[in-house]
1. Out of the residues in region 109-135 meeting the condition of being out of contact with any helix residue (DSSP H, G or I) (no Cβ under 6 Å at 6 or more places or on another chain) and small (Gly, Ala, Ser), tell me which one is surrounded by the most Cβ atoms within 10 Å (Cβ to Cβ).
2. Which is under 21 Å from the mean Cα position of the chain (by Cα) and farther than 24 Å from Leu32 by Cα, of Ala92, Ala106?
3. Of the conditions (1) assigned to a helix (DSSP H, G or I); (2) over 16 Å from Leu13 (Cβ atoms); (3) hydrophobic (A, V, I, L, M, F, W, C), Leu93 clears all except one; give me its number.
4. Looking only at region 99-135, which residues are part of a helix (DSSP H, G or I), of a type in the set (Gly, Ala, Ser) and within 19 Å of Val89 (Cβ to Cβ)?
5. Checking Glu73 against (1) surrounded by 13 or more Cβ atoms within 10 Å (Cβ to Cβ); (2) among the acidic types (Asp, Glu); (3) modelled with pLDDT of 85 or more, which test does it fail?
Amino acid sequence: MKKDEQKKAAAALTAAEKKGFRERLLQEQERLKQELEEIEARVSSAGGVDAAAELSGYDDHPADLASETFEREKDLAIADTLEATLQKVRVALDKLKGSSYGVCDACGKPIAKKRLEALPYATLCVECQARTEIR
């Protein structure tokens, strides 16, 4: 995409709209960080429970251990998803500093405002996103 087209697409968003998206992205970034901290605290405290259980004189039922393992793995999977989303938010904040926020990474056309309102860290327009999901 040519620089002129990119500037034109970025200009489709007003300064007030960009400010609003920036505020939403910063709020989302903070929320994601808090969730990650909570998960990390749960996972690290679960490690202490396992160590204490090994020292106890009582046998653990295999189903109890399986449940704990499942919950820890679920937390780790959620943490991975949160980390990926946090990275997308950071990229969107970087794009807001430049002139590429609201511009589709694939085709260079403006991303619809409604899409950005629903997903402020979107990097693809609806059409390009649909094409990537079909593959």
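1. Ala112
2. Of the residues listed, the single one that is under 21 Å from the mean Cα position of the chain (by Cα) and farther than 24 Å from Leu32 by Cα is Ala106.
3. Condition not satisfied by Leu93: (2).
4. Step one: filter region 99-135 for residues part of a helix (DSSP H, G or I), giving 113-118, 126-134.
Now narrow it down to the ones that are of a type in the set (Gly, Ala, Ser): 118, 130.
Correct list: Ala118 only.
5. For Glu73, the exception is condition (1).
The values are calculated or read from the model by the stated rules, or taken from the named source; none is laboratory data. Because the structure is a prediction, the values reported are computed rather than measured. Cβ coordinates were reconstructed from backbone atoms using ideal geometry, including for glycine residues, and neighbour counts include every protein chain displayed.
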